[in-house]
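Structure first, then comments.
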Amino acid sequence: MDRSGEGFSTRAIHAGHPEAQVGGPVVTPIYPTTTFYSDPSGQAEVWYTRYGNGPNHLLLEKRIAALEGAEDALVVGSGMAAMAMALISVLQAGDHVVATDAIYGGTRALLDRELSRMGIETTYADMFTAEWTRALRPNTRVVLGETPSNPLLRVLDLAPIAEVAHAHGAVVIVDATFGSPVHFRGLEHGADIVMHSATKYLGGHSDVTAGVLAGSAERIGEARKRTRVWGPVLDPHGAWLLERGIKTLSVRMERHNRNGMEIARWAESRPEVARVFYPGLPSHPDHEVARRVLDGFGGMVGIELAGGGPAADRFVRAIRLAKLAPSLGGVETLISEPRFTSHAAMTPEQREANGIRDGFLRVSLGIEDAADLIADFDQALRAIGGQEQREAAD
């Protein structure tokens, strides 16, 4: 059934699901089998779970493609696996990548440590100015963006970047994890391949690790070929969990948005907070771009405490409702310190140069009541103040 004219929430629940039959299941069954019976004539495709083409995978890929407005989609075992498959499906030895310098630490490690061993070079550029085009070389094959970025939530105006990249003959890949397809659909802005760590908002419940790619049938077909060789398949139960999570994506993002805006405004009013990073705030450097290209500002908020690293240490020890943990996008509120997690591989000087100071906290707001979250953060900030006063007295 063609669902291209239906709303996002409707597609998130129904796209890819077979037509209803009397006695058929409303919820997709899990197919915990490694293989499937083959066609004796050899005419039909071989179904094999390592190929990632079991019933759970195929349904899920159709749904993701419908949400992104893509011809095809691919689901794999993690966001890093998805990024790796996207890159190696396009690049070969001697090629060059221009990547945004506002990029996830894991992606930077993939480019610098692994692809460099394959003879692929990367130049990092400030894609928030036109100066990024100076990084282009004759052998630039990929232009890689991330929007909103991790952890400063910078928002790219991708369309003009894609226009220049395509004129140069480069493929545009964008990591849109922080936006989710609810807020940002990269193909509409000129991307050739959109990547998500589905562990985050798409799954939404902190119970499945997965990654997805979406794009043209040709581009995703090339990535799928590499997946069958490299083997980062998502297991059937993981695919089932991800499908279940996607069904509530739209309603979850509504609450994430409300909590994000409310907590960001509250944090900006606090003297203990040096700076708040949230695209929905007029103080954010990309606020006007975000208003134009995003359909919502999301539940990720960056908070830089005025007391630096010591204040951050006290804050994360004082929180009660929120929890200190890596990852993001779940129904529960999680806080992480990028200096110890996503950007731990960078030196303090490198983090400072990228705007990530030691007092920086990345807050993934869940779907709890905002008043309860504010009360928790308030008591944690007061605990910081109390500790500082005791130390001063000593």
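The values are calculated or read from the model by the stated rules, or taken from the named source; none is laboratory data. Predicted model, so just to flag it, every value in this text is computed and none were measured. Using ideal geometry, Cβ is built from the backbone for each residue, glycine included, and neighbour counts are taken over all protein chains shown. The protein model used for the area step is the full one, side chains on, heavy atoms only, and it has no ligands, DNA or RNA in it. Shrake-Rupley method; radii C 1.70, N 1.55, O 1.52, S 1.80 Å.
Bridge orientation summary for the chain: considering DSSP beta bridges with both residues in this region, about 55 percent are antiparallel. In the assembled protein chains, Lys225 presents an accessible area of approximately 120 Å² (probe radius 1.4 Å). Accessible surface ranking for Thr147, Thr10, 1.4 angstrom probe, highest first: Thr10, Thr147. When the Cα positions of Thr10, Gly24, Pro40 are compared along the charge dipole of the range 1-53, Thr10 comes out farthest toward the positive end, with charges on each C-beta of Lys, Arg, Asp and Glu. Mind running the shape call on the range 172-222? Use the C-alpha gyration tensor, a ≥ b ≥ c as the square roots of the eigenvalues: rounded below 1.5 for a/c, prolate if a/b tops b/c, oblate otherwise. It is oblate, given that a/c is not under 1.5 and a/b is not larger than b/c.
As a length-normalised measure over Cα pairs under 8 Å and 6 or more apart, the relative contact order of the range 1-146 settles at 19 percent.
Taking Cα pairs under 8 Å and at least six residues apart, what relative contact order does the range 165-229 come out at, in percent?
25
Couplings for the range 70-83, taken from phi via the Karplus curve 6.51 cos²θ - 1.76 cosθ + 1.60 with θ = phi - 60°, read 10, 6, 8, 8, 9, 10, 9, x, 6, x, 5, 5, 4, 5 Hz in order; Gly and Pro are left as x.
A simple spin-label model places the labels of Asp369 and His166 4.9 nm from each other, with each point 7 Å out along Cα-to-Cβ.
Placing a label point 7 Å from the Cα of Arg382 along the Cα-to-Cβ line, the residues of the range 286-327 whose backbone N sits under 15 Å from it are 318-321. In the chain, the portion of solvent-accessible area held by carbon and sulfur atoms comes to 52 percent [1.4 Å probe, whole percent, DNA, RNA and ligands not counted].
One Cα centroid belongs to the range 42-67, the other to the range 168-220; the line between them spans 18 Å.
Given the alternatives (1) 95, 50, 41; (2) 62, 45, 39; (3) 84, 57, 35, Cα extents along the principal axes in Å as computed for this entry is given by (3). Per residue, the solvent-accessible area of the chain (1.4 Å probe, heavy atoms of protein chains only, all protein chains present) comes to 43 Å².
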